[in-house]
1. Does the range 82-101 hold any residues that are buried (at least 20 other Cβ atoms within 10 Å of the Cβ) and out of contact with any helix residue (DSSP H, G or I) (no Cβ under 7 Å at 6 or more places or on another chain), and which are they?
2. Go through (1) open to solvent by less than 80 Å² (accessible area, probe 1.4 Å); (2) closer than 16 Å to K136 by Cβ and name the single condition V67 misses.
3. Out of (1) at pLDDT below 95; (2) within 27 Å of F52 (Cβ to Cβ), the odd one out for V115 is which?
4. Out of everything in the range 132-158 that is surrounded by 10 or more Cβ atoms within 10 Å (Cβ to Cβ) and β-branched (V, I, T), what residue ends up being nearest to A81 (Cα to Cα)?
5. Evaluate the following for G129: is it assigned to a loop (DSSP other than H, G, I, E, B), over 23 Å from S35 (Cβ atoms) and open to solvent by less than 70 Å² (accessible area, probe 1.4 Å)?
6. Which of the residues belonging to the range 17-42 are surrounded by 13 or more Cβ atoms within 10 Å (Cβ to Cβ) and at positive phi?
7. Going through the range 159-179 one residue at a time, which ones are surrounded by 11 or more Cβ atoms within 10 Å (Cβ to Cβ), of a type in the set (S, T, N, Q) and part of a helix (DSSP H, G or I)?
8. Which pairs turn up if I take residues in the range 147-167 that are closer than 21 Å to I105 by Cα and look for partners that are assigned to a helix (DSSP H, G or I) with beta carbon separation below 8 Å, at least 6 apart in sequence or on another chain?
Amino acid sequence: REQLPKRMVVLAPTGIAAINANGVTIHSFFQLPFSPYIPNTTFRSNATPFHFGKEKQRIIRTMDLLVIDEISMVRADLLDAVDTMLRHFRYRANEPFGGVQVVYIGDMYQLSPVVPDEERQLLSQFYEGPYFFQSKVVRQQPPVFIELDRVFRQTNEQFISLLNEVRNNCLTEAGEQCL
């Protein structure tokens with residue numbers, strides 16, 4: 001963040017993740033409701049369009065890079081809502097995310113998006129599933145994936161192997177005994 005000359009905004013789906021990333025939540029930054037986003041709709045609350053102050057509009061219009069941490073928890077409809085907001089407020093309706101470069105950070109083996117049953121039923125009319133990679137914007141502009149595979153927090157090779165067995169849902173009998 002300190003080395004990059006780009007104007008950057010860091011967001012996360014939860015308050016804890018946002019604090020840990022020195023950012024803010026997606027909902028807070030874009031003033032999004034917690035209700036599901038239905039594609040090709042506008043955001044309206046009692047027929048009143050969203051209103052950002054001049055400083056927020058300046059930030060949105062001048063940002064070069066949007067970093068979204070804990071992407072595994074971001075629902076498809078939420079990512080499409082972010083896309084819609086950026087296209088609208090940056091006046092670039094035909095460019096994904098209004099022309100902003102987006103970096104997704106996260107571990108897909110960690111927490112999935114939270115989707116209550118009634119919302120899952122509604123969203124299934126528009127999305128194949130709840131994950132960010134099933135959003136319309138990601139399908140329009142697929143990301144380049146970079147997988148980090150070096151373990152930094154553990155040094156015991158046997159323990160790392162055991163963690164990977166659990167993570168990949170292929171626990172061996174030896175691994176189960178070790179646990």
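The values are calculated or read from the model by the stated rules, or taken from the named source; none is laboratory data. All values derive from a computational prediction rather than experimental measurement. Positions of Cβ are generated from backbone atoms using ideal geometry, with glycine treated the same way; all protein chains shown enter the neighbour counts. To get the accessible areas, we keep the full protein, side chains included, count just its heavy atoms, and leave off ligands, DNA and RNA. Shrake-Rupley method; radii C 1.70, N 1.55, O 1.52, S 1.80 Å.
1. First, pick out the residues of the range 82-101 that are buried (at least 20 other Cβ atoms within 10 Å of the Cβ): 82-86, 97-98, 100.
If the condition is that a residue be buried (at least 20 other Cβ atoms within 10 Å of the Cβ) and out of contact with any helix residue (DSSP H, G or I) (no Cβ under 7 Å at 6 or more places or on another chain), then T84 is the only one that fits.
2. (2)
3. The single condition V115 does not satisfy is (2).
4. Per the criteria, the residue is V137.
5. Values: assigned to a loop (DSSP other than H, G, I, E, B): yes; over 23 Å from S35 (Cβ atoms): no; open to solvent by less than 70 Å² (accessible area, probe 1.4 Å): yes.
Here the answer is no, as G129 does not meet what is asked.
6. If the condition is that a residue be surrounded by 13 or more Cβ atoms within 10 Å (Cβ to Cβ) and at positive phi, then Q31 is the only one that fits.
7. Step one: filter the range 159-179 for residues surrounded by 11 or more Cβ atoms within 10 Å (Cβ to Cβ), giving 159-167, 171-172, 174-176, 178.
Among the residues that remain, those that are also of a type in the set (S, T, N, Q) are: 161, 164, 172.
S161, N164 - these are the residues of the range 159-179 that are surrounded by 11 or more Cβ atoms within 10 Å (Cβ to Cβ), of a type in the set (S, T, N, Q) and part of a helix (DSSP H, G or I).
8. Final answer for the pair search is V151/I160; Q154/I160; Q154/L163.
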